[in-house]
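Got a structure for you, questions after.
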Amino acid sequence: MAELRLSGVAKRYGGTVEVLRDIDLEIARGELIVFVGPSGCGKSTLLRMIAGLESISDGVLEIEGRVVNDIPPAQRGIAMVFQSYALYPHMTVRENMAFALKLARKSRTEIDAAVAAAAEKLQLTDYLDRLPKALSGGQRQRVAIGRAIVRDPKVYLFDEPLSNLDAALRVATRIEIAQLKEQMPDSTMIYVTHDQVEAMTLASRIVVLANKGIAQVGTPLELYDSPENEFVARFIGSPAMNLLAGRITQSGAQTRVALDGGGQALVAIPTGAEDLGAAVNLGVRPEDLEETTGDYVLGGRVAITEALGEHTLLYLGEEGPGDARIAKLPGTRSALRGTDIRLTARPDKLHLFRDGRSMKPR
Amino acid sequence: MSPALQGLVMIVLGVGGCVGYFYGANLLLDRVIFPARGAQAGRNINRANLVRPWLFLLPALVALSLYLVYPVIETLRLSLTDRSQGGAFVGLANYRQMAAEPKFWEAMRNNLMWLVVVPALSTGFGLLAAQLTDRIRWGNIAKSIIFMPMAISFVGAAVIWKLVYDARPEGTEQIGVLNALYLWLGGAEPQQWLTLIPANTFLLMIVLIWVQTGFAMVILSAALRGIPEDTIEAAIIDGAGPMQVFFRIKVPQIASTIVVVWTTITLVVLKVFDIVFAMTNGQWGTQVLANYMYDKMFRANDWGLGSASAMVIMLLVLPILIWNVRTARREMR
Ligand SMILES: Nc1ncnc2c1ncn2[C@@H]1O[C@H](COP(=O)(O)OP(=O)(O)OP(=O)(O)O)[C@@H](O)[C@H]1O
Ligand SMILES: [Mg+2]
């Protein structure tokens, strides 16, 4: 059964400014769903609508089969962890975690037990009597999570919980969250981030938001291997996928594409005779490119090399770095700078987009 | 010269004088006394920078010691002397005499009552107004109206409220709002409100509350806006209702500001004079310390007793003042 279902959900501000529309999404119990998307695409808005902090302009939101559109946040069975932690500055860690339970008039012993258990889980036992200002960023983050845990919600909502932490702490906390999720296999989590690594490592499914709607929903590897459209293709993966304009010259079980840049590609995607001559974009990920002496997908002069030890990034072409074609070759290949190079990729690693949509059958 | 013109000239002279002093003194310091030239340039710049703060503080220090420190010392001295004995030193006799006067204790009692009621109600109403006006569309208009009494002098406010409490003989049209209301509600005859003990003291307090609520509201409104929105949202998700959000999340977060507002109003209350002076002049059991002092000093011309009561007021104000400055300073850090 779906733990959480959104059907036709929309958000308008002031009746006119449309931020989200036609959001359909089903989330099963125990999933960890990650919302990603460019800044301002409405990730936080969608999360806050689920939390009940923003009204729902249109559509239906159900939690465990119950329509909660007009139910106040506290009764939706959700808990939220804010980007800025939002700890109550005048309460100790213990009071912060106990606040919701006190409001719910739980018994003293029940509250103490719940707080102790959460503190144990998050290694906060030694800090229970401190005020938030006497904690480090990572500890504050854990208190915020603890405040959610004690309420034992059906759904956890996280809005960029790690973005205020430094890089090392972010990795550590990310792993902690993953472990926490493992300890609580039945709890459902929705997690907003713009960090790709967080999305790829944590998510059971990723929801890519763009242009006021959902661009694609899928497991991390589905999004990586079979992006449904050019937006997702370029959004997932770093450096982003190269898109090369071309024309279909031969259709069939495999498709041959002549690229405007002079290259040739054989793609393991079937097309029909009616596609012959169609203008398409060929997608190839930098890490799938390899050197060749024969038919090439991508060729040209290497303008810049970035050696990262494990691999080297090559920027091809005369254009600025924004438009450059990028290839990622293993090892250190700094010597390639300024030389001409030809690159190709295996047919099953190539993507084809027509009018922005993937031609891969599903 | 018309008084308005005179006022304008004084403003120009005063402001011009200040600017002239700071500019001129600075110039003198940099050009003549420690010029940043020659072999000693570096040393001179350092010395000039050491002297400069004192140069700028000098007028304030002079004015303060002339108009504040000296009077305090002189008042203390006078409070220990007796006018009828040609200013002879009499020790604590004035204080003893004062302690024996019922009117003094009435003033003390009333001051204490003012101290309890006015800061509490002003801060309370101010907090309420701040919270409510932040939520509504015409809140800013409401805010301006609530703040407006701040612009009225205490005497002006007293006159306004004297009219509100005014009583005309029975049968004639009442111009006092309170009596009009009282009769309309079925009261038998118009009341001389300001002579009714003990209600009259509270009627006087209302005037000060009316004036001070605006001050409390403005400061507390700014503090309320400074509360991070997400702590409020977190509380809502935790299940807090509007009242709980207000009392358990918002108020504790602005507690230090509330204390500063409270103590600031307390200081005003301890010095309250104009309102009582203009409305009852301390009759009918409404005496307060400042008016008592004025009575002794300028009506009875007893400088010894007057000074003694002034010292009492100062002793009461001092601890609150020190505490207030401390909290305000901690706030700023
Ligand atoms: N009160 C409002 N009135 C009008 N527009 C708003 C309001 N609040 C948010 N928006 C708009 O809604 C859009 C989505 O905002 P939201 O905060 O959900 O973005 P986001 O995806 O979380 O971005 P980020 O990654 O930067 O956090 C933005 O374009 C924003 O300008
Ligand atoms: Mg956001």
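The values are calculated or read from the model by the stated rules, or taken from the named source; none is laboratory data. Everything quoted here is computed from the prediction, not taken from an experiment. Here Cβ is always computed from backbone atoms with ideal geometry, including for glycine, and neighbour counts include all displayed protein chains.
Which pairs have Cβ atoms under 8 Å, sit 6 or more apart or on different chains, and link a residue in the stretch B:247-276 that is within 14 Å of chain A (Cβ to nearest Cβ) to one that is modelled with pLDDT under 85 and surrounded by fewer than 21 Cβ atoms within 10 Å (Cβ to Cβ)?
B:Ser256/B:Thr327; B:Ser256/B:Arg330; B:Ser256/B:Glu331; B:Thr257/B:Glu331; B:Val259/B:Thr327
Could you list all residues from the stretch A:151-167 that are within 16 Å of ligand 1 (Cβ to nearest atom) and either polar (S, T, N, Q) or not in a loop (DSSP other than H, G, I, E, B) (or both)?
Selection gives A:Leu157, A:Phe158, A:Asp159, A:Ser163, A:Asn164.
From A:Ala100, A:Ala104, which residue is over 18 Å from the mean Cα position of the chain (by Cα), within 9 Å of chain B (Cβ to nearest Cβ) and crowded, with 21+ Cβ neighbours inside 10 Å?
A:Ala100
Can you pull out every residue in the stretch A:20-72 that is assigned to a loop (DSSP other than H, G, I, E, B) and within 13 Å of ligand 2 (Cβ to nearest atom)?
Answer for the stretch A:20-72, where residues must be assigned to a loop (DSSP other than H, G, I, E, B) and within 13 Å of ligand 2 (Cβ to nearest atom): A:Gly37, A:Pro38, A:Ser39, A:Gly40, A:Cys41, A:Gly42, A:Leu53, A:Glu54.
Consider B:Val211 against the criteria (1) under 16 Å from A:Leu87 (Cβ atoms); (2) β-branched (Val, Ile, Thr); (3) more than 14 Å from chain A (Cβ to nearest Cβ): it satisfies all of them except one. Which criterion is unmet?
That leaves (1) as the condition not met.
Would you mention how many residues in the stretch A:107-161 are within 14 Å of chain B (Cβ to nearest Cβ), over 16 Å from A:Thr92 (Cα atoms) and more than 16 Å from ligand 2 (Cβ to nearest atom)?
Selection size over the stretch A:107-161: 7.
In addition: For the stretch B:180-213, how many residues meet the condition of being in contact (Cβ under 8 Å) with a residue 12 or more places away in the chain and of a type outside the set (Val, Ile, Thr)?
Going through the stretch B:180-213 one residue at a time, the tally reaches 16.
Within the stretch B:181-188, does at least one residue satisfy the condition of being modelled with pLDDT of 80 or more and either in a helix (DSSP H, G or I) or not assigned by TED's automatic domain parsing to the domain that holds B:Asn281 (or both)?
Yes, the stretch B:181-188 has at least one match.
Now a separate question. Are any residues in the stretch A:73-126 of a type in the set (S, T, N, Q), part of a loop (DSSP other than H, G, I, E, B) and closer than 22 Å to A:Met189 by Cα, and if so, which ones?
A:Gln83, A:Ser84, A:Gln123
To continue, here is another question. Please report, ordered by residue number, the strands (runs of 3 or more DSSP E) entirely within the stretch A:178-281 with at least 2 residues that are among the small types (Gly, Ala, Ser).
A:213-218, A:242-250
Test of understanding: among A:Ala74, A:Ala10, A:Ala51, which residue is away from ligand 1 (no atom under 16 Å from the Cβ) and buried (at least 17 other Cβ atoms within 10 Å of the Cβ)?
Just a single option satisfies the conditions, and that option is A:Ala74.
Residues in the stretch B:218-233: is at least one more than 32 Å from the chain's Cα centre (by Cα), away from chain A (no Cβ under 14 Å) and not charged (D, E, K, R)?
No: zero hits.
Of the residues that sit in the stretch A:22-48 and are touching a Gly at 6+ places or on another chain (Cβ under 8 Å) and within 12 Å of A:Ala215 (Cα to Cα), which one is farthest from ligand 1 (Cβ to nearest atom)?
Here the answer is A:Asp24.
Determine whether A:Glu287 is touching a Gly at 6+ places or on another chain (Cβ under 9 Å), under 30 Å from A:Phe35 (Cβ atoms) and of a type outside the set (A, V, I, L, M, F, W, C).
yes
In the stretch B:196-209, how many are of a type outside the set (A, V, I, L, M), surrounded by fewer than 20 Cβ atoms within 10 Å (Cβ to Cβ) and assigned to a helix (DSSP H, G or I)?
Total satisfying the criteria: 1.
Just to check your reading of the model, which residue among A:Gln75, A:Gln83 is closer than 25 Å to A:Pro220 by Cα and within 13 Å of chain B (Cβ to nearest Cβ)?
A:Gln83
Is it the case that some residue within the stretch A:168-191 is within 12 Å of chain B (Cβ to nearest Cβ), of a type in the set (A, V, I, L, M) and buried (at least 16 other Cβ atoms within 10 Å of the Cβ)?
no
Of the residues that sit in the stretch B:234-246 and are surrounded by fewer than 20 Cβ atoms within 10 Å (Cβ to Cβ) and assigned to a helix (DSSP H, G or I), which one is nearest to the other protein chains (Cβ to nearest Cβ)?
That would be B:Gln244.
Which residues, counting only those in the stretch B:275-316, are surrounded by fewer than 16 Cβ atoms within 10 Å (Cβ to Cβ) and under 21 Å from the mean Cα position of the chain (by Cα)?
B:Asn281, B:Met314, B:Leu315
When you scan the stretch A:228-242, how many residues do you find that are crowded, with 17+ Cβ neighbours inside 10 Å and among the small types (Gly, Ala, Ser)?
Adding up the residues that qualify gives 2.
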